[in-house]
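Inspection log for the structure reproduced underneath, given as structure tokens.
The values are calculated or read from the model by the stated rules, or taken from the named source; none is laboratory data. Keep in mind it's a predicted model, so treat the numbers as computed, not measured. We place every Cβ from the backbone using ideal geometry, glycine too, and count neighbours over all the protein chains shown.
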Amino acid sequence: MSRDETIPVSLPREAVRVFLDNGREVVVLGAAHVSRKSAELADRLTRELAPDAVCLELDPQRYAALTDEERFRRLNLKEVIRKKQMATLMVNLILASFQRRLGDRLGVKPGEEQLAAARAAEEMGIKAHLCDRDVRVTLKRAWRATSWWKKIQLAAVLLASLFSTEEISEEKIEELKESDLLSEMMSELARELPDTKRILIDERDIFLAERIKAAEGKRLFAVVGAGHVPGLLRAIHHDNRAMMAELNQVPPSGPWPKIIGWSVPAAIAAAVAAIAVKHGAAAAADNIVYWTLANGIPAAMGAAAALAHPLTIAAGFAAAPLTSLTPVIGAGYVTAFVQALLVPPLVGELENVLSDMARPAAWWQNRLLRILLVFVLTSLGSMIGTWVGGVRIFHDLVR
């Protein structure tokens, strides 16, 4: 069969053949990411189509996550804390845990359809391209574009998914690939979170389309999530190369977070100084003591609630009054670092972290999860203490 011939394969209803202006053709398979049937289709079509290249809805980070079973064993927790990426780690663990549980229920790993196509391509000597945008860029762009209220809602949804016991059958997964259901889901997302939907779906449709067209060969086979197919088919016939650089950047957060971050401690310090002038040094000293206790006690209580090491609890008490006066680092990062030094996770706990996350009691038993719990509860305690101490200081200032 000549490479110049049109693909003579009978395509299933999940796949669409697209002809590009330059005489090339692309077969796009709309897959479910947790579906045995999608994995089987991805493998079969790769072998039957024998394309010049296979294009996957993966970036290097997600590909490594799918193929590296021991990635958490090599987790450099101290480096994560140093780079202030604890929240990112927690989100990634929650998502990975949810996908793991879903895959365990259905007997197929999340993203297995991508790996099936990649394995078949490797066996046939076909180049596989990772065509998706870096997941870190996507998440950062989505987070920047989401309002604080919507961020709280998203966090609640993530936590709910972590402990969900709802059974999802493979038949239900296959139903989600039907175009009418997908259209309804995309419309709902657009109504509730238009900016988030634009970044998670629309931008990646364009990005995927351009990366697929950039792959070499006259015959291409692309495996993408079914939700991307309509947007991808619209974008693939347009030249959006000029947008790629902007789509691959994380927009700056702007000056306001820094301004607000420094304005609070500046206002507290100024208020204490004003109290000293207005009511005397003793009154200022009383407020400093109150600020120390108001911040230190809730932070220490948060660490204690996480069953942290006694020295970690002490570190939370000592750090919170100071870290509350600077946006550079929070008390949660201090206590997480101390806890990681004193009670480092064991290898077995790193390996089992995804399954342990679904069990509430395991958050106090698994050392890695306990460090995350220390981070969250200490941060929450410090936040409460900042408001309590601040209210007292400004009350004394105006009395």
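Kindly check whether there is at least one residue in region 370-379 that is modelled with pLDDT of 90 or more and among the small types (Gly, Ala, Ser). Working first, answer last.
Of all residues in region 370-379, those modelled with pLDDT of 90 or more come to 370-379.
Narrowing further to those that are among the small types (Gly, Ala, Ser): 379.
The answer is yes; a qualifying residue exists.
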*Residues in region 321-346 that are in a helix (DSSP H, G or I) and polar (S, T, N, Q): how many?*
3
*Within region 7-14, is there a residue that is modelled with pLDDT of 90 or more, out of contact with any Gly (no Cβ under 9 Å at 6 or more places or on another chain), in a loop (DSSP other than H, G, I, E, B) and surrounded by 16 or more Cβ atoms within 10 Å (Cβ to Cβ)?*
no
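Table: residues versus (1) in the same structural domain as ALA222 (by TED's automatic domain parsing); (2) in contact with an Asp or Glu (Cβ under 6 Å, 6 or more places away or on another chain); (3) at pLDDT 65 or above.
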| position | (1), (2), (3) |
| --- | --- |
| CYS131 | yes, no, yes |
| ALA145 | yes, yes, yes |
| LYS151 | yes, no, yes |
| VAL157 | yes, no, yes |
| THR165 | yes, no, no |
| SER169 | yes, no, yes |
| ARG198 | yes, no, yes |
_Taking the conditions exactly as written (within 15 Å of the chain's Cα centre (by Cα) and not small (Gly, Ala, Ser)), does ARG101 satisfy them or not?_
no
*Just a yes or no: is a residue in region 116-126 touching a helix residue (DSSP H, G or I) at 6+ places or on another chain (Cβ under 7 Å), assigned by TED's automatic domain parsing to the domain that holds ILE212 and charged (D, E, K, R)?*
no
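I'm trying to understand the selection: among the residues of region 49-101, which are closer than 25 Å to VAL376 by Cβ and among the aromatic types (Phe, Trp, Tyr)? Please lay out each step first, then the result.
Our first condition is that a residue be closer than 25 Å to VAL376 by Cβ; within region 49-101, this holds for 61, 65, 71-101.
PHE72, PHE98, listed by residue number.
Can you tell me which residue among ALA299, ALA308 is outside any helix (DSSP H, G or I), at pLDDT 90 or above, crowded, with 23+ Cβ neighbours inside 10 Å and not aromatic (Phe, Trp, Tyr)?
Details: ALA299 fails: outside any helix (DSSP H, G or I).
None of the others qualify; the one that does is ALA308.
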_Just to check your reading of the model, which residue among VAL26, VAL54, VAL34 is outside any helix (DSSP H, G or I), in contact with a His (Cβ under 8 Å, 6 or more places away or on another chain) and not polar (S, T, N, Q)?_
VAL54
*Looking at (1) under 26 Å from the mean Cα position of the chain (by Cα); (2) under 22 Å from TRP262 (Cα atoms); (3) free of Cβ contacts under 8 Å to residues at least 12 places away in the same chain, can you tell me which one ILE329 breaks?*
(3)
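Can you find, within region 366-393, the residue that is surrounded by the fewest Cβ atoms within 10 Å (Cβ to Cβ) among those that are basic (Lys, Arg) and under 22 Å from the mean Cα position of the chain (by Cα)? I'd like the intermediate steps shown before the answer.
Start the filter on region 366-393 by keeping residues that are basic (Lys, Arg), which leaves 367, 370, 392.
Applying the additional criterion that residues be under 22 Å from the mean Cα position of the chain (by Cα) yields 367, 370.
Details: ARG367: 18, ARG370: 24.
This residue is ARG367.
Is it the case, given these coordinates, that ALA318 is loosely packed, with under 14 Cβ neighbours inside 10 Å and part of a helix (DSSP H, G or I)?
Values: loosely packed, with under 14 Cβ neighbours inside 10 Å: no; part of a helix (DSSP H, G or I): yes.
The answer is no for ALA318.
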*Restricting the search to region 215-256, which residues are touching a residue at least 60 places away in the same chain (Cβ under 8 Å), within 20 Å of ARG141 (Cα to Cα) and surrounded by fewer than 16 Cβ atoms within 10 Å (Cβ to Cβ)?*
ASN248, GLN249, VAL250, PRO251, SER253
*Return a yes/no flag: does region 18-36 have any residue that is closer than 18 Å to CYS131 by Cβ and of a type in the set (Phe, Trp, Tyr).*
no
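Can you say whether THR312 is of a type in the set (S, T, N, Q) and over 30 Å from ILE275 (Cα atoms), as far as the supplied structure shows? Show your work before the answer.
On the way: of a type in the set (S, T, N, Q): yes; over 30 Å from ILE275 (Cα atoms): yes.
It is true that THR312 is of a type in the set (S, T, N, Q) and over 30 Å from ILE275 (Cα atoms).
What residue, of VAL353, VAL338, VAL398, is buried (at least 17 other Cβ atoms within 10 Å of the Cβ) and either modelled with pLDDT under 90 or within 24 Å of ALA274 (Cα to Cα) (or both)? Walk me through it before giving the result.
Working: VAL338 fails: either modelled with pLDDT under 90 or within 24 Å of ALA274 (Cα to Cα) (or both); VAL398 fails: buried (at least 17 other Cβ atoms within 10 Å of the Cβ).
Result of the check over VAL353, VAL338, VAL398: VAL353.
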